[in-house]
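Q: Supplied in structure tokens, the structure appears directly below.
The values are calculated or read from the model by the stated rules, or taken from the named source; none is laboratory data. Treat the numbers as computed from the prediction; the structure is a model and nothing was measured. So basically every Cβ, Gly included, is an ideal-geometry build from the backbone, and we count neighbours across all protein chains shown.
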Amino acid sequence: MEILLLEVDGFKGISVARVEADRAGVVRIVGLNGQGKSSLLDGIEYGLLGGRVPEGAVNNNSEKAQINIVLGAEGKPMYNVERVIRDGKTPKLILTSADGEPIKSAQKFLDDIVGSIAYDPGKLLTMANKDLLDVLSKAAGLDTDSLNREYKELFADRAVENKSIKKLDAQIKKGLVKVEPIDVSELNAKLQKLQDEKSGAVQYNYEKGLLEVKLKELQEKMQNEYDRESYDIDKIVCAIDKIAAQLNNAVEISQQASEYEQNEKYKAEKFTATREALRLDVAIQGITMQKVEAISSLGIEDLSLEKFTDDLLYKGNPLASASSSEKIKVSMKVAMATNPEVRVCIIRDGSLIDGNGLVEIQHIAKESEFQIWIESVGSDSDEDAIIIKEGKVDRVIKNDF
């Protein structure tokens, strides 16, 4: 659908204006500054989108402002939009079908068939890259709300894993050698046995020394009862010292074994975290690739998405660095890609478009079956234009919509 008829009375800088446009193409609104060009486009915007009443909506020479818009296709009326604004009163919206039947929930109905982005592509130029990317992705049929939620969750999870990896990196020690832990309880048992044996040997040797006094007297008895040589206490002490040294080393070795075992656990945790982070990276890139493919599917020439940064590119360079004329053309193509039922766009900065750009826009409009209203500063010598002068349609010059 396009605008077949636009009537604006007493609205802002327009006293009375009537414009007929029966098909897709470019509608140029031309005039000097302050003559009412912007007011005419504001009338279209408020007429279709509603919202807050513009400041100074009812001009000083009128009791009310009225906007009538007839929407249709192939020259046949389908809907009539009527808005009436009176100072101090609630604005009135009447939406009827071609046969006069009122449409319920009129503004919601208009919102569904118009779409603010498609209506005014200039708004795209003020959007952040992320928001514009969402618009394009939705135009390609992606559920961006769901994708963005998933992306946010994946990004947060990956941040947790990366933080864990960084922490584990700081905990992992290099150059540790695996050692077997020593059973300290076994060594303590051996040590106790030797210490008991030493005590017994000392007591034995003491008793033996006493008996040596009576050696001569008791030689026969001693030969029968004490036929063993003296204990070698030095040998026992040496064995005790050896085990004591092993016990001292055992604590250190056990610590080394425990440290090595803990280090291996850190390595295993890091491996698991790294693997999970990589999985999340792949999932995040998968979402980005969906958007890359979505942008490509729209078929907007020279517009692409940098998959590593999510930056929109035009002719291989950031869209933000494109010229004003290029941005206008791109935004118009983006608006058309949203494919609304009411195929109407407005371009408020038409003066930034040169002759070649205007020809290109005319070609795009007809090829895409869009009706594009372009506001430009100019004189009444402009061709193919509606000339606005002192709030009225002064004349139509060779207008080919």
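Q: Would you be able to tell me the number of residues in the range 1-31 that are among the hydrophobic types (A, V, I, L, M, F, W, C) and not in a strand (DSSP E or B)?
A: Looking only at that region, the number is 3.
Q: Taking the residues in the range 237-286 that are in contact with a helix residue (DSSP H, G or I) (Cβ under 6 Å, 6 or more places away or on another chain) and free of Cβ contacts under 8 Å to residues at least 60 places away in the same chain as candidates, determine which candidate is nearest to residue 147 (Cα to Cα).
A: Only one residue tops the list, namely 243.
Q: Select from the range 5-20 the residues that are surrounded by fewer than 20 Cβ atoms within 10 Å (Cβ to Cβ) and basic (Lys, Arg) and list them in ascending order.
A: 18 - this is the single residue of the range 5-20 that is surrounded by fewer than 20 Cβ atoms within 10 Å (Cβ to Cβ) and basic (Lys, Arg).
Q: Just need a number here: residues in the range 145-163 that are under 23 Å from residue 132 (Cβ atoms) and in contact (Cβ under 8 Å) with a residue 40 or more places away in the chain.
A: Going through the range 145-163 one residue at a time, the tally reaches 5.
Q: Take the conditions touching a strand residue (DSSP E or B) at 6+ places or on another chain (Cβ under 6 Å) and either without any contact (Cβ under 8 Å) to a residue 60 or more places away in the chain or not assigned by TED's automatic domain parsing to the domain that holds residue 25 (or both) and apply them to residue 130. Does it pass?
A: no
Q: Right, another one. Residues of the range 243-267 being of a type in the set (Ser, Thr, Tyr) and surrounded by 13 or more Cβ atoms within 10 Å (Cβ to Cβ), which ones?
A: 254, 260, 266
Q: Considering only residues of the range 69-91 that are more than 40 Å from the chain's Cα centre (by Cα), more than 20 Å from residue 343 (Cβ to Cβ) and not β-branched (Val, Ile, Thr), which is surrounded by the most Cβ atoms within 10 Å (Cβ to Cβ)?
A: Checking each candidate, the answer is 82.
Q: Let me ask you something else. Name the single residue that is surrounded by the fewest Cβ atoms within 10 Å (Cβ to Cβ) among those in the range 169-194 being of a type in the set (A, V, I, L, M, F, W, C) and within 15 Å of residue 255 (Cβ to Cβ).
A: In this case the residue turns out to be 177.
Q: Kindly provide the set of residues from the range 88-115 that are assigned to a helix (DSSP H, G or I) and either of a type in the set (A, V, I, L, M, F, W, C) or touching a strand residue (DSSP E or B) at 6+ places or on another chain (Cβ under 9 Å) (or both), ordered by number.
A: 106, 107, 109, 110, 113, 114
Q: Pick from the range 32-68 the residues that are part of a strand (DSSP E or B) and either over 17 Å from residue 6 (Cβ atoms) or at pLDDT below 90 (or both): which of them is farthest from the chain's Cα centre (by Cα)?
A: 64
Q: With 92, 108 as the choices, which residue is under 30 Å from residue 145 (Cβ atoms) and at pLDDT 85 or above?
A: 108
Q: Which strands (runs of 3 or more DSSP E) does the range 322-401 wholly contain that include 3 or more residues that are at pLDDT below 75 and surrounded by fewer than 18 Cβ atoms within 10 Å (Cβ to Cβ)?
A: In the range 322-401, 392-397 are the strands (runs of 3 or more DSSP E) which contain 3 or more residues that are at pLDDT below 75 and surrounded by fewer than 18 Cβ atoms within 10 Å (Cβ to Cβ).
Q: Within the range 13-53, count every residue that is more than 20 Å from residue 92 (Cβ to Cβ), among the hydrophobic types (A, V, I, L, M, F, W, C) and out of contact with any helix residue (DSSP H, G or I) (no Cβ under 9 Å at 6 or more places or on another chain).
A: Adding up the residues that qualify gives 5.
Q: Can you name the number of the only condition in (1) over 27 Å from residue 15 (Cα atoms); (2) modelled with pLDDT of 85 or more; (3) crowded, with 17+ Cβ neighbours inside 10 Å that residue 144 fails?
A: Unmet condition: (2).
Q: Moving on. Within the range 299-314, count every residue that is loosely packed, with under 13 Cβ neighbours inside 10 Å and closer than 24 Å to residue 367 by Cβ.
A: 2
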